[in-house]
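FYI, it's all coordinate maths here, none of it is from the lab. For clarity, every value in this text was computed on a predicted model and none was experimentally measured. Glycine gets a Cβ as well: all are built from the backbone with ideal geometry, and neighbour counts include every protein chain shown.
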Amino acid sequence: MHLNHISDTPGPIGIFDSGYGGLTVFKEIVRQLPQYDYLYLGDNARVPYGIRSFDTVYRYTLECVTHMFEMGCHLVILACNTASAKALRTIQERDTPKLPIIYKTLGVIRPTTELVGKVTRSGHIGILATTGTVASQSYIIEIKKFFPDVQVFQEACPMWVPLVENNEFGSEGADYFVQKHLHNLLSQSPDIDTLVLGCTHYPLLIHKLMQFLPPHITLLSQGEIVADRLADYLQRHTEIEVLCSKNGQHTFYTTESVEDFNQKAGIYYGKTVSCRHLAL
Ligand code: DGL
């Protein structure tokens, strides 16, 4: 990782996703921690990440995170499970430690896996995620560390991100793919009582999911979980907290069309946004 611009003045907290999904996490973070400045970047030009190789997801994520550091962020949240599964560890262990001042990245998988074993009563958990996240086995590995007795079942849902990105999450077409993947997952164990939405795009499908899910199943989405953990992290890491500026300002960037982003982001974020273009 090479930064053209390095500064130790405080900057916004970065929130990164391959597209719009990270806005579902961002919304909760802002609700809990409104005092900070934030910079959101959606790599809409290259979404979806979920079908791409380890190397490609790492390369794309590193490129975006590098831009966010250069734009003043010292802390970037990968609000994307696929990037958290495939790029976070390498960036944390190999790239950021070489930089002369503090630059940090945090992901969304760890906070979720620390909690999920406390929610299940049966000890059987289902993970709905992208093909890349499922193949990485990150959820299985992380949950084992915290809750060795919990059994984890997974289902990759490759059509769900395209449905969400194309604003088709409420359509009849979405019914087929939602039912298909829920059925595939739940038929792996009749005892599954907790499902994790292991992709930040999936909360947009929550109404469809509730429609087809048996009522005894708890659905966990990550926004609140990640926001809680970030609040706790900033309290414990004052050396990073002082590098986060506090004017309550929000800046949005996309690598694709600004008009599209402005039009669609409100669906995820709950407010209209005015974003800027980042050329990669
Ligand atoms: N929202 C992302 C995630 O949480 C990525 C979806 C994608 O780009 O495939 O995995």
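A dipole drawn for the range 1-118 from +1 and -1 charges on Cβ atoms has a positive end, and of Gly21, Gly11, Leu41 the residue lying farthest that way is Gly21.
Along its principal axes, the range 86-154 has C-alpha extents of 47, 24, 15 angstrom, given from the largest down.
Residue-wise HN-Hα couplings along the range 171-184, as the Karplus relation 6.51 cos²θ - 1.76 cosθ + 1.60 with θ = phi - 60° gives them from phi, are 7, 5, x, 5, 3, 4, 6, 5, 5, 4, 6, 5, 4, 4 Hz; Gly and Pro carry x. Equivalent ellipsoid of the range 138-264: semi-axes from √(5λ) of the C-alpha gyration tensor, largest first, are 30, 25, 12 Å.
Rounded to whole Å, the principal axis extents of the Cα atoms in the chain read 54, 42, 34, largest first. Across the chain, C-alpha contacts under 8 Å between residues 6 or more apart give a mean separation that, scaled by the residue count, equals a relative contact order of 27 percent. Counted residue by residue at 0.36 nm each, then reduced by the alpha carbon distance between them, the extension gain from Thr272 to Gln137 reaches 45.0 nm.
Length available on full extension from Asp232 to Glu259: 0.36 nm per residue minus the Cα-Cα distance, which gives 6.2 nm.
Applying 1/(1 + (r/R0)^6) with R0 = 51 Å to the Cβ-Cβ distance of Gln249 and His183 gives a FRET efficiency near 0.70. Here is the P(r) of the range 210-251: all C-alpha pair distances, binned every 10 Å from 0, give 22, 32, 23, 15, 9 in whole percents.
By the compact-protein rule of thumb, 2.2 N^0.38 Å, the alpha-carbon radius of gyration of the range 1-97 corresponds to a ratio of 1.04.
How far is the Cα center of the range 85-120 from the Cα center of the range 213-280, in Å? Going from one Cα centre to the other spans 16 Å. Under the combined filter of DSSP loop state and at most 12 neighbouring Cβ atoms within 10 Å, the range 228-280 retains these trypsin sites (Lys or Arg not before Pro): Lys271. Give me the angle, in degrees from 0 to 90, between the Cα long axis of helix 109-119 and the longest principal axis of the Cα atoms of the chain, rounded to the nearest 10. Roughly 40 degrees between the two axes. Contact order normalised by length for the range 183-280, with contacts defined as Cα pairs under 8 Å and 6 or more residues apart; what percent is it? Once divided by the residue count of the range 183-280, the mean separation gives 20 percent.
Each 5 Å bin from zero up to the one holding the largest Cα-Cα distance in the range 109-205 carries the following percent of pairs: 2, 14, 25, 24, 18, 11, 5, 1. Using the empirical formula 2.2 N^0.38 Å as the baseline, the Cα radius of gyration of the range 116-171 reaches a ratio of 1.34. Ranking of Glu165, Glu172, Glu256 by neighbouring Cβ atoms within 10 Å, starting from the fewest: Glu172, Glu256, Glu165.
Exposure proxy for Asp175, Asp17, Asp37: other Cβ atoms within 10 Å of each Cβ, ordered fewest to most, give Asp175, Asp37, Asp17.
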